[in-house]
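The values are calculated or read from the model by the stated rules, or taken from the named source; none is laboratory data. Everything numeric in this text was worked out from a predicted model, so none of it was measured. Every residue, glycine among them, receives a Cβ derived from its backbone with ideal geometry; neighbour counts consider all protein chains shown.
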Amino acid sequence: MTAQRNAAFEIIQRMPRERITRLVGKLTEASVPAFIERAAVSLYSKAYDVDLTGCVVPSRWGSFDAFFTRSLAAGARPLDGDEQTFVSPCDGRVEVSRTVTPEGTWRVKGSDLRLTDLLGSPADAERFVGGEGVVIYLSPRDYHRVHVPCAAALTRVVSLAGELYPVNEMGLTHVPHLFSVNRRVVFHLDATASGFGHVALVMVAALVVGRITASAIDAADVPLGEQRFSSPELYARGDELGIFHLGSTVVMFTEKGAVTGFDNLSGGQKVLMGEAIATRRVVPT
C-alpha cells in the first residue's frame, strides 16, 4: 500500500465498526412517533434523492428499517426479455464486470480477489473459473431487495463471518480484498434447467449493514454457517431472494460459457432490478 492508503486504512481500522452498526440497527428498527418518522423519511429522501415511484407506500412505515426495505408494487418492474434473459438482481451501480482468471482470481480496484476467499470454498471457487462476475453497489437511494436473475433452485446458503468495513468508494479504494474480508452471505443457485448452469450470488454486508435476511430462511438474520435444502427452493426469474437492512453490495458469478453480455457492462453504469444484463449463451449444434 502507499503511505496515503495505509493512513486511510488505519483510520477505517480504528473505527468501532461493530458498535456503530449495532447502534444504527437499533435506531432504524425502533418505533418512533409519526412526526419523527415523517421528518426522518423526508430528510433522508431529499438528501439522497430517493424515488418512491413504483414502491408500496403505507400511511405509516412503523420504523426507518421498514422504509429502507420497502417493497415494489405488483407490476412496477416488468422483467426484460424472456427466460433466456439474465436480469439484474437489484438496483444499483455496476462497479466491476470481468472474467475470472484461470487462477481463480478476479481483479477489483487494482487488487486480485481470490474466489476461494470470497466464497469460502475451493470447490465452489473452481466452478466459476473462466466465468463472468459483476459487482453492483447499492447506494442509499436504491431499492434494497435482491432477486434471482434467472429461474433457479436455491440449493445452499452459506453465511460467512467477517468484518464490517464500508463498501463505498472509500472502502473499495483503501481496504485490501474488501469483499472477501467483510461478512457475507452466499446464495448457490442451480439454474441448469433454465440453461444458465450454476450461479453464485453474494450479498456483502458493510458498516451499518449488519443484517441480511433471506426469503428461504425464517430468521431475523441469516445465521452463520451453511444451510442445505433437502428439497431445493424453486425460484422464478425475478423472485425475491434476500434483503439488505441498510445498503451494501451484490457480487455475482456465472459459470464459464453460460452467459454473454457481461462485457457490455461498464463501470458506473446504473442498473435496475429486472433489467437485462446478459443472455444465455447458445452453443452451436
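A quick yes/no check of all residues on (1) within 22 Å of ASP142 (Cβ to Cβ); (2) in a loop (DSSP other than H, G, I, E, B):
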| position | (1), (2) |
| --- | --- |
| VAL202 | yes, no |
| ILE212 | yes, no |
| ASP218 | no, yes |
| ASP221 | yes, yes |
| ARG228 | no, no |
| SER231 | no, no |
| GLY238 | yes, yes |
| ILE243 | yes, no |
| MET252 | yes, no |
Problem set entry | Unique residue being modelled with pLDDT under 95 and more than 24 Å from SER71 (Cα to Cα) when the list is HIS174, HIS198 | HIS174
Exercise. In the stretch 254-285, which residues are among the aliphatic types (A, V, I, L, M), under 25 Å from LEU72 (Cβ atoms) and part of a loop (DSSP other than H, G, I, E, B)?
Worked result: LEU265, LEU272, MET273
Problem set entry | Within the stretch 99-114, tally of residues that are touching a residue at least 60 places away in the same chain (Cβ under 8 Å) and among the basic types (Lys, Arg) | 2
For this session: Please verify whether the stretch 164-173 includes one or more residues that are within 27 Å of ARG280 (Cα to Cα), of a type in the set (Gly, Ala, Ser) and not in a strand (DSSP E or B).
Result: no
Exercise. Among the residues of the stretch 43-94 satisfying the criterion of being of a type in the set (Ser, Thr, Tyr) and without any contact (Cβ under 8 Å) to a residue 40 or more places away in the chain, which is nearest to GLU275 (Cα to Cα)?
Worked result: THR53
Exercise. Could you say which residue among LEU224, LEU246, LEU241 is touching a helix residue (DSSP H, G or I) at 6+ places or on another chain (Cβ under 8 Å) and farther than 16 Å from GLU95 by Cα?
Worked result: LEU246
